[in-house]
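**Student:** Below is the structure I would like to discuss, written out as structure tokens.
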Amino acid sequence: MAAITAENLTITYEGVPAVEGVTFEVERGETLLLLGPNGAGKTTLLKTIACFHREYRGELKVFDMPPCEARELIGYVPQSHSLNERVPVTALEVVAMGGIYKRGFSHFKIPKHVLEKAEDALNFVGLSNVQGKLFRELSGGQKQRVLLARALISDPKLLLLDEPLSALDPSARAEVSNVLGKIKRERGITMVITTHDVNPLLEIGDKVMLINRRLIAFGKPEEVLRDSVIKSVYGPLARVIPVEDRLFCITGDVHLHGHGGGGR
Ligand SMILES: Nc1ncnc2c1ncn2[C@@H]1O[C@H](COP(=O)(O)OP(=O)(O)OP(=O)(O)O)[C@@H](O)[C@H]1O
């Protein structure tokens, strides 16, 4: 059974399509990198898989169920800067909240077993040393790892991550990519990761999907990341450069940060 199946999927906002006629499948345990320019429909597709947005036609199944029936199996990791940071919560409390909401607790007393799971999750992402620190005082890379821990606490079978590397410096990007690799290797969780910059994630991506409202290309990284495909979406300056045994994809402004850095 596939983790995600979409067939002729069209997603609309008040009747206007943001994603149109998309067909693809993600196998269990696979990591899919979802790539596309601004406004291509990446977040819309992710939110629809997560059951946050429900206006679609065509077929969409998550573990063979409609997305809203599969919610307990799905972890969603938003962009870290989309969180309200005025509330003074600690890293540990942010992680524990992932367990509380899923289990339907209505009051803000975190049960001991949830706190223990939160500690384990923070340990898994390498952040046990900051558990008592305020979330808003953490670095960008630490915040993103806390959000990963929060999603992991409810043992999801599918993790949906919206631009987990955006607004991070190269060393923080490497930190977060390493944790994503660990989640894939040690937990075997299926992941869909939206990104403008595919380069730091290529090591963990089994498949790449390029969309621009419609599906442009879907397949293994070396099948999708080809000059002609990238140029068709990002224009003539975009290109794919083979560097030793890996690919480097330049889709916009050129920022080369050395090995594992990001060209966009
Ligand atoms: N709540 C909404 N209501 C109406 N239209 C929306 C809404 N959210 C997104 N859209 C539109 O849907 C299209 C796809 O947007 P989406 O945010 O999914 O793209 P994206 O690929 O994630 O873009 P970015 O990389 O800039 O985040 C855009 O045209 C956008 O304006």
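**Student:** Filter region 158-214 down to the residues that are of a type in the set (S, T, N, Q) and surrounded by fewer than 24 Cβ atoms within 10 Å (Cβ to Cβ), then identify the one that is farthest from Gly141 (Cα to Cα).
**Tutor:** Going through the qualifying residues, I end up with Asn212.
**Student:** Assuming Glu119 fulfils every condition listed in (1) within 24 Å of Leu165 (Cα to Cα); (2) outside any helix (DSSP H, G or I); (3) modelled with pLDDT of 90 or more; (4) of a type outside the set (Val, Ile, Thr) apart from one, which condition is it?
**Tutor:** Checking Glu119 against (1) within 24 Å of Leu165 (Cα to Cα); (2) outside any helix (DSSP H, G or I); (3) modelled with pLDDT of 90 or more; (4) of a type outside the set (Val, Ile, Thr), the one that fails is (2).
**Student:** Something else about it: If I go through region 21-41 residue by residue, how many of them are out of contact with any Asp or Glu (no Cβ under 6 Å at 6 or more places or on another chain), surrounded by 17 or more Cβ atoms within 10 Å (Cβ to Cβ) and at pLDDT 95 or above?
**Tutor:** Counting residues in region 21-41 that are out of contact with any Asp or Glu (no Cβ under 6 Å at 6 or more places or on another chain), surrounded by 17 or more Cβ atoms within 10 Å (Cβ to Cβ) and at pLDDT 95 or above gives 7.
**Student:** Hey, Glu244 hits all of (1) free of Cβ contacts under 8 Å to residues at least 12 places away in the same chain; (2) in contact with a Phe, Trp or Tyr (Cβ under 6 Å, 6 or more places away or on another chain) but one; which does it fall short on?
**Tutor:** (2)
**Student:** Would you mind stating whether Ala2 is closer than 19 Å to Met191 by Cβ, among the small types (Gly, Ala, Ser) and more than 16 Å from the ligand (Cβ to nearest atom)?
**Tutor:** The answer is yes for Ala2.
**Student:** Also: Output the strands (runs of 3 or more DSSP E) that fall wholly within region 157-259 and possess 3 or more residues being over 13 Å from Leu35 (Cα atoms), or say none.
**Tutor:** 158-162, 239-243, 246-250
**Student:** With the checklist (1) at pLDDT 95 or above; (2) in a loop (DSSP other than H, G, I, E, B); (3) among the aliphatic types (A, V, I, L, M); (4) crowded, with 22+ Cβ neighbours inside 10 Å in hand, flag the one item Ala2 doesn't pass.
**Tutor:** Condition not satisfied by Ala2: (4).
**Student:** Can we say Lys184 is touching a Leu at 6+ places or on another chain (Cβ under 9 Å), touching a residue at least 24 places away in the same chain (Cβ under 8 Å) and either under 18 Å from Phe248 (Cβ atoms) or basic (Lys, Arg) (or both)?
**Tutor:** So Lys184 does not fit the description; no.
The values are calculated or read from the model by the stated rules, or taken from the named source; none is laboratory data. Please read all numbers here as calculations on a predicted model, not as lab measurements. Here the Cβ is made from the backbone with ideal geometry for all residues, glycine too, and neighbour counts use every protein chain on show.
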